[in-house]
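Please treat every number below as a calculation from the coordinates, not as lab data. In this text the structure is predicted, and so the values were computed from the model without any measurement. A quick note on method: Cβ atoms are made from the backbone with ideal geometry, for glycine too, and the neighbour counts reach across all protein chains shown.
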Amino acid sequence: MSADAATGTDEGLQRARAPWAAGDWDSFSRLIFPVGGLVLDRIGLEPGMELLDVGTGSGGTVAVPAALRGAEVTGLDLTPELLVHARRRAGEAGVEVAWVEGDAQDLPFEDSSFDRVTSTFGVMFAPDHRRAAAELVRVCRSDGRIAMTTWATDGMAGELFRLSGRYLPSPPPGAGVPPQWGDVSHIEEMFGAAGARVAVTRKAIEFQFASVEAMVDSYANEFGVFVVARGLLEPQGRWDEFIGEFTELVHRFNRADDGAVRIASDFLLILAGRL
């Protein structure tokens, strides 16, 4: 679920890959699996269609489910460690998927190569938003459909972005940041510049955990952003402060009253097509 850094250097690539190679995204991504089914339903996927999933991660959200529906699927991600899990998932499901290591900002495909192009919480992390949107449009056929999901700027996800921003290094100068993709006007501007029209709807999925402690532990050990943050913050003596603030955030958004955790996390479903 990753994309190139703005500089395009090897150092930039490694920096972009690091959070997704750390932790256990293959396990953690289970939280967003329901979004994949929604996306596939909304784009009208039919057997035999050619679909590209950009920032596919370990493939369990869109790529493998799309292949199970009979599509000819290509899954692309910048992080080779995730594609190892993706190949395993496809094998276990008994489907064929073409797995490609590549950058969302420079897709290694010809123009108009796919009937459907998707990205669930992947392309939103590419630093060059305009370029990434243009690439999604470029590789989609004129009568095709593009679906992209991004976290809303308010709610749990938005607060988590703000929390991370207070503790982690700032992005390189000129780089776009993921929360901008929670702004409908920004979405319209990026896709409009690429010659596409968009329709944006707000949706929500529920994150469920057995307890607050279980959720904090899952994020701390499975979510690569937190794993990288720990490596940076523990030597500074700031990890406990960071994880303490995150725990408070979980308590604030938790809707359960039985000791478990149920948090609604809002996201935007972007459907785009060429003008």
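Brief remarks on what is shown
- Gaussian network model of the chain, springs between alpha carbon atoms under 10 Å - residue of Gly165, Gly102, Gly144 with greatest fluctuation: Gly165
- Once the Cα atoms are used to define both axes, helix 239-253 deviates from the longest principal axis of the chain by about 70 degrees.
- Separation of alpha-carbon centers, the stretch 45-93 and the stretch 152-179, rounded to whole Å: 28 Å
- Mean-position separation - Cα centroids, the stretch 110-148 and the stretch 202-231, in angstrom: 28 Å
- Correct option for Rg and Dmax of the Cα atoms in Å [calculated from the coordinates] among (i) 24.1, 76; (ii) 18.0, 54; (iii) 20.7, 76: (ii)
- The chain: antiparallel DSSP beta bridges as a percent of all, rounded to 5: 50 percent
- When the Gaussian network model of the chain links Cα atoms closer than 10 Å, the mean-square fluctuations of Arg145, Arg131, Arg162 top out at Arg162.
- Paramagnetic reach from Ala264 (point 7 Å along Cα→Cβ, amide N under 17 Å) across the stretch 15-39: 35
- Bridge type composition, the stretch 46-196 - antiparallel percent by DSSP, nearest 5: 5 percent
- Three-way shape label, the stretch 32-157, alpha-carbon gyration tensor, a/c 1.5: rounded
- Tilt relative to the chain, helix 224-233 - C-alpha long axis, 0 to 90 degrees, to 10: 40 degrees
- Shape of the stretch 217-275, Cα gyration tensor, a/c cut at 1.5: oblate
- The stretch 137-252: C-alpha gyration tensor shape, a/c 1.5 cut-off, then a/b vs b/c: prolate
- Here the contact order of the chain, divided by its residue count and restricted to Cα pairs under 8 Å and six or more residues apart, works out to 22 percent.
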